[in-house]
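Asks: Dropping a structure here in structure tokens format, bear with me for questions.
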Amino acid sequence: MTVPALAAEALADDLRRLGVRSGDAVMIHASLRAIGKVECGADGVLDALELAVGPDGTLLMILGAEIGHDWVNRLPEAERLPLLAGAPPFDSATTPVFHEVGFFAELFRRRSGTLVTGNPSGRFGARGRLAQDLLADAPWHNYYGPGSPLDRFCQFGGRVLRIGADLDTTTVLHFAEYCADLPDKRRVRRHYRCHGPDGPETRVVECLDDEHGIVDWPGEDYFAVILRDYLATGRAKHGRVGLADSELIEARDLVDFGTQWMNARFRDFRSAAG
């Protein structure tokens, strides 16, 4: 039996039942496959999100960037600059999203009216009433930290919407890594070829290690563990959006929970290991 595709309005109704309100600022983590068939495909999903938050709402996504020369950042720093000399530069306006973020984020980036930050490591996209406030003058270094779109999102009372997303996919927890009161957090320096005012130039980005984690942690990704522990508190809203099990979470509450979790668990782990 063929399952009919959902209309955007029907999907928006699912979002409203989950708790999404007109005027909300919502950060999206969505699996199109988990949602199931929607009229107009990914465009229909984005239409539904815009219907749910309404004309005064705001949508935020992490985009990242698919950069062909990023492999040099796996090499010692002294070896990187000569290899970057002729590399095609990152262009925030045209470079596709990081492939692991998915097709929906690329559609979001390309839709008319989406604003995009210019950082090759931590590129965000936003659309709606608060888009400019979230993204303007985003920090180049520590792009998930104080003053970042994630920090501002929490200040604006933003809510994290997870539609069929993996447990380790909750970007706002990177802000918790900056808030955690821990010594010797692991940091990285990355080099990118970017467009500059006088042509292509090589620029450095310095930040906490958001790829491998701020501390050594055995086993499952600690973002997944934090989110599972948070969901067990019962403070998230749960429901179905299309066919996808979904959660709606107050961003500030999750960041506070994640910060406290890291402060306690990472210190305990280091004490036991030391």
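Laboratory data are not the source of any read-out in this text; all were calculated from the coordinates shown. As the structure is a computational prediction, the values presented were derived from the model and not from experiment. Please note: Cβ atoms are built from the backbone with ideal geometry, for glycine as well, and neighbour counts cover all protein chains shown.
Asks: With a cut-off of 8 Å between alpha carbons and a minimum separation of six or more residues, what is the relative contact order of region 1-91 in percent?
Replies: Details: 82 pairs, mean separation 29.8, N = 91.
With pairs under 8 Å counted, the relative contact order is 33 percent.
Asks: Just name one of G23, Q155, P76: the one whose Cα is farthest towards the positive end of the charge dipole of the chain (beta-carbon charges, Lys/Arg +1, Asp/Glu -1).
Replies: G23
Asks: Using a cut-off of 13 Å between beta-carbons, work out the net charge of the residues near M27 (Lys and Arg +1, Asp and Glu -1, M27 not included).
Replies: Spelling it out: positives minus negatives among the neighbours equals +1.
Asks: In what order do S92, S246 fall by count of nearby beta-carbon atoms within 10 Å, going from fewest to most?
Replies: Numbers: S92 16, S246 26.
By the 10 Å Cβ count, ascending: S92, S246.
Asks: Another question, if that's okay. For a test of the definition: using alpha carbon positions, the gyration tensor, and the 1.5 limit on a/c, classify region 133-184 as rounded, prolate or oblate.
Replies: On the way: a/c = 1.95, a/b = 1.15, b/c = 1.69.
Since a/c reaches 1.5 but b/c is at least a/b, the shape of region 133-184 is classed as oblate.
Asks: Just the ratio, please: alpha-carbon radius of gyration of the chain over 2.2 N^0.38 Å, N its number of residues. Mind showing how you got there, number by number?
Replies: Numbers: Rg = 19.2 Å, N = 274, 2.2 N^0.38 = 18.6 Å.
Rg over 2.2 N^0.38 Å, computed on Cα atoms: 1.03.
Asks: Which of these, R189, R129, R159, has the largest mean-square fluctuation under a Gaussian network model of the chain (Cα springs below 10 Å)?
Replies: R189
Asks: Would you look at the GNM of the chain, springs on alpha carbons closer than 10 Å, and say which of A126, A232, A65 moves the most?
Replies: The residue that fluctuates most here is A232.
Asks: Shape verdict for region 118-274, please, from the Cα gyration tensor: rounded (a/c under 1.5), prolate (a/b greater than b/c) or oblate. Don't skip to the answer; put the middle values down first.
Replies: On the way: a/c = 1.98, a/b = 1.18, b/c = 1.68.
In terms of gyration-tensor shape, oblate.
Asks: For region 192-270, just say rounded, prolate or oblate: build the C-alpha gyration tensor, square-root its eigenvalues into a ≥ b ≥ c, call rounded for a/c under 1.5, and beyond that prolate if a/b exceeds b/c, oblate if not.
Replies: Values: a/c = 2.77, a/b = 1.53, b/c = 1.82.
Because a/c hits 1.5 or more and a/b fails to exceed b/c, region 192-270 counts as oblate.
Asks: Moving to a separate point now. Rank the residues V188, V20, V38 as a footprinting-exposure proxy: fewest other Cβ atoms within 10 Å of their Cβ go first. Write out the running numbers ahead of the final one.
Replies: Working: V188 14, V20 25, V38 21.
Neighbour counts put them in this order, fewest first: V188, V38, V20.
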